[in-house]
1. Please verify whether the stretch 5-13 includes one or more residues that are of a type in the set (A, V, I, L, M, F, W, C), surrounded by 11 or more Cβ atoms within 10 Å (Cβ to Cβ) and at pLDDT below 80.
2. Filter the stretch 42-66 for residues that are surrounded by 12 or more Cβ atoms within 10 Å (Cβ to Cβ) and either part of a helix (DSSP H, G or I) or touching a helix residue (DSSP H, G or I) at 6+ places or on another chain (Cβ under 7 Å) (or both) and give the result.
3. Do you know which residues across the stretch 67-84 are without any contact (Cβ under 8 Å) to a residue 24 or more places away in the chain and part of a helix (DSSP H, G or I)?
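The values are calculated or read from the model by the stated rules, or taken from the named source; none is laboratory data. No experiment lies behind these values; they were computed from the predicted model shown. Counting neighbours? That spans all protein chains shown, and the Cβs are built from the backbone with ideal geometry, glycine included.
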Amino acid sequence: MLDASQVSGSQLEEGHVLINSLGVLAAGHETTSSALSIASYLLALNPEVQEKLAEEVTNYLQENPVSSKSVHEVSHEIKWVYTVVQSLLLKQCIMQWNLPLSCQ
């Protein structure tokens with residue numbers, strides 16, 4: 001961002017870059033926090049899903065004790081984790097948009 005002067009002729013001040021960076025960091029923290037809170041709540045309401053999820057993760061970790069893969073890659077390899085995450089994201093969207101029950 002500080003090198004914007006090469007493209008547009010005007011340069012951002014370092015303070016503006018810092019403030020914008022903190023804003024992006026805070027916004028990411030808030031959305032992650034909300035998603036984890038909703039995920040925890042929904043998993044607490046569905047202990048059978050919670051147990052299956054824990055079982056799948058435990059089995060994966062026993063078969064693959066050390067991995068250099070990212071969490072994103074691993075979440076796609078553990079099918080139940082991927083399914084639960086996708087379901088939670090959908091549920092969060094439905095809750096935020098206040099869609100009628102027939103859409104849930």
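1. Scanning the stretch 5-13 turns up at least one residue that is of a type in the set (A, V, I, L, M, F, W, C), surrounded by 11 or more Cβ atoms within 10 Å (Cβ to Cβ) and at pLDDT below 80.
2. 42, 43, 49, 50, 52, 53, 54, 56, 57, 59, 60, 61
3. 71, 72, 73, 74, 75, 76, 77, 79, 82, 83
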